[in-house]
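Input: a single structure, listed below in structure tokens.
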Amino acid sequence: MIEVRSVYKRYHTRNHQAADWVLRDVNFHLPPSVSLGVVGGNGVGKSTLLRLIGGMDHPDRGEVIRRCRVSWPIGLTGGFQGSMTGRQNVKFIARIHGDTDRIQQVVDFVQDFAEIGKAFDEPIKTYSSGMRSRLAFGLSLAFEFDVYLSDEATATGDASFKAKAKQAFDERVGKASIIMVSHSEGILRDLCQAGLWLRKGEAIWFDDIADALAAYHESIGQVKPRKAA
């Protein structure tokens with residue numbers, strides 16, 4: 001369904017100097033109906049990988065092959081037009097995705113899911129980062145994708161909204177796949193079958209998310225007992 005072939009990615013400094021590779025020769029294949037948890041320390045390229053899979057960025061080498069509909073990374077808020085209201089942004093994106101016949105349905109869903117009240121009709125530039133994340137989360141879930149990309153989306157908001165976010169993903173498990181980055185290991189264990197451990201630019205695939213988490217913890221000297229199946 002999604003195939004990552006020999007992907008390399010790095011960014012350049014302000015002086016146009018090439019930095020070290022963020023991702024180096026990453027290869028994996030995500031089969032249909034399999035959800036993937038991406039684990040690793042801060043700065044190892046987890047969010048970069050999601051942007052590449054979602055088409056928000058492009059590899060320096062290699063390719064990402066998508067044979068399905070893939071969401072933008074849930075939690076990514078940079079695609080909004082700041083001078084437009086939340087409602088206007090939602091309508092605009094619904095038109096881009098060709099859902100002209102259900103624009104109002106999309107608007108109603110996002111407005112209800114985001115729970116930002118009157119701010120829905122105020123310019124995005126006045127939003128807090130949390131409000132932007134809520135809007136982006138609801139907007140992503142308003143469309144039918146085969147694969148949802150989640151970048152710490154379940155970390156947004158208060159306990160009630162986090163529970164709502166988890167329930168939304170629970171409802172999609174079995175109908176669609178999820179590629180998830182999260183510091184919440186409980187969420188990863190609940191929603192993902194396979195794991196991808198990013199370390200020093202390289203990616204190691206595990207058929208069991210518990211094995212990926214165990215390998216990561218062992219690498220940093222934090223051995224945790226595996227939960228019983």
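If you go through region 17-38 one residue at a time, how many are under 19 Å from Ser184 (Cβ atoms) and either out of contact with any Ser or Thr (no Cβ under 6 Å at 6 or more places or on another chain) or without any contact (Cβ under 8 Å) to a residue 12 or more places away in the chain (or both)?
First, pick out the residues of region 17-38 that are under 19 Å from Ser184 (Cβ atoms): 35-38.
Right, trim to either out of contact with any Ser or Thr (no Cβ under 6 Å at 6 or more places or on another chain) or without any contact (Cβ under 8 Å) to a residue 12 or more places away in the chain (or both) and you get 36-38.
Number satisfying all stated conditions: 3.
Keeping to region 81-129, report how many residues are of a type outside the set (Asp, Glu), in contact (Cβ under 8 Å) with a residue 40 or more places away in the chain and not in a helix (DSSP H, G or I).
Filtering region 81-129 down to residues of a type outside the set (Asp, Glu) leaves 81-98, 100, 102-107, 109-111, 113-114, 116-120, 123-129.
With in contact (Cβ under 8 Å) with a residue 40 or more places away in the chain added as a condition, the list becomes 81-84, 86, 89-90, 93-94, 97, 113, 123-125, 127, 129.
In the following step, the residues that additionally are not in a helix (DSSP H, G or I) were identified as 81-84, 97, 123, 127.
Count: 7.
Of the residues that sit in region 155-164 and are part of a helix (DSSP H, G or I) and within 23 Å of Lys125 (Cα to Cα), which one is modelled with the lowest pLDDT?
That would be Ala155.
Any chance region 114-137 includes a residue that's under 16 Å from Gln167 (Cα atoms), at pLDDT below 90 and under 13 Å from the mean Cα position of the chain (by Cα)?
Yes, the conditions are met somewhere in region 114-137.
Only residues in region 50-73 that are part of a loop (DSSP other than H, G, I, E, B) count as the first member; pair them with residues that are surrounded by 13 or more Cβ atoms within 10 Å (Cβ to Cβ) and of a type in the set (A, V, I, L, M), Cβ under 6 angstrom, at least 6 apart or cross-chain, and list the lot.
Hits for this filter: Pro59/Val7; Pro59/Leu52; Arg67/Met1; Cys68/Met1; Cys68/Val147.
Return yes when Phe80 is over 20 Å from the mean Cα position of the chain (by Cα) and either modelled with pLDDT of 90 or more or not small (Gly, Ala, Ser) (or both) and no when it is not.
No.
Restricting to region 172-188, and then to whatever is surrounded by 21 or more Cβ atoms within 10 Å (Cβ to Cβ) and among the polar types (S, T, N, Q), can you tell me which residue is nearest to the chain's Cα centre (by Cα)?
The extreme case among them is Ser182.
Can you spot a residue in region 165-175 that is within 21 Å of Met1 (Cβ to Cβ), at pLDDT 80 or above and not in a helix (DSSP H, G or I)?
yes
Could you tell me whether any residue of region 177-184 is touching a residue at least 24 places away in the same chain (Cβ under 8 Å), assigned to a helix (DSSP H, G or I) and closer than 24 Å to Leu49 by Cβ? Walk me through how you get there before you give the answer.
We begin by selecting, within region 177-184, every residue touching a residue at least 24 places away in the same chain (Cβ under 8 Å); these are 177-184.
Still in the list and also assigned to a helix (DSSP H, G or I): none.
Checked region 177-184: no residue is touching a residue at least 24 places away in the same chain (Cβ under 8 Å), assigned to a helix (DSSP H, G or I) and closer than 24 Å to Leu49 by Cβ.
Return only the number of the condition from (1) more than 23 Å from Ser182 (Cβ to Cβ); (2) assigned to a strand (DSSP E or B) that Phe28 does not satisfy.
Just one mismatch for Phe28, condition (1).
Please enumerate the residues belonging to region 134-152 that are without any contact (Cβ under 8 Å) to a residue 60 or more places away in the chain, outside any loop (DSSP other than H, G, I, E, B) and out of contact with any Gly (no Cβ under 8 Å at 6 or more places or on another chain). Don't jump to the end; show me each part of the working.
Pass one, region 134-152, residues without any contact (Cβ under 8 Å) to a residue 60 or more places away in the chain: 134-135, 138-139, 142.
Imposing the further condition that a residue be outside any loop (DSSP other than H, G, I, E, B) reduces the set to 134-135, 138-139.
Within region 134-152, Gly138, Leu139 meet the criteria.
From (1) under 16 Å from the mean Cα position of the chain (by Cα); (2) farther than 23 Å from Ser177 by Cα; (3) in contact (Cβ under 8 Å) with a residue 24 or more places away in the chain, pick out the condition that doesn't hold for Gly41.
Condition (1) is where Gly41 drops out.
So the check is Cβ under 8 Å with 6+ separation or different chains; which pairs have a first residue in region 163-175 that's at negative phi and a second one that's part of a helix (DSSP H, G or I) and of a type in the set (D, E, K, R)?
Lys166/Asp190; Asp170/Asp190
The values are calculated or read from the model by the stated rules, or taken from the named source; none is laboratory data. As the structure is a computational prediction, the values presented were derived from the model and not from experiment. Neighbour counts are summed over all protein chains in view; Cβ atoms, including those assigned to glycine, are modelled from backbone coordinates with ideal geometry.
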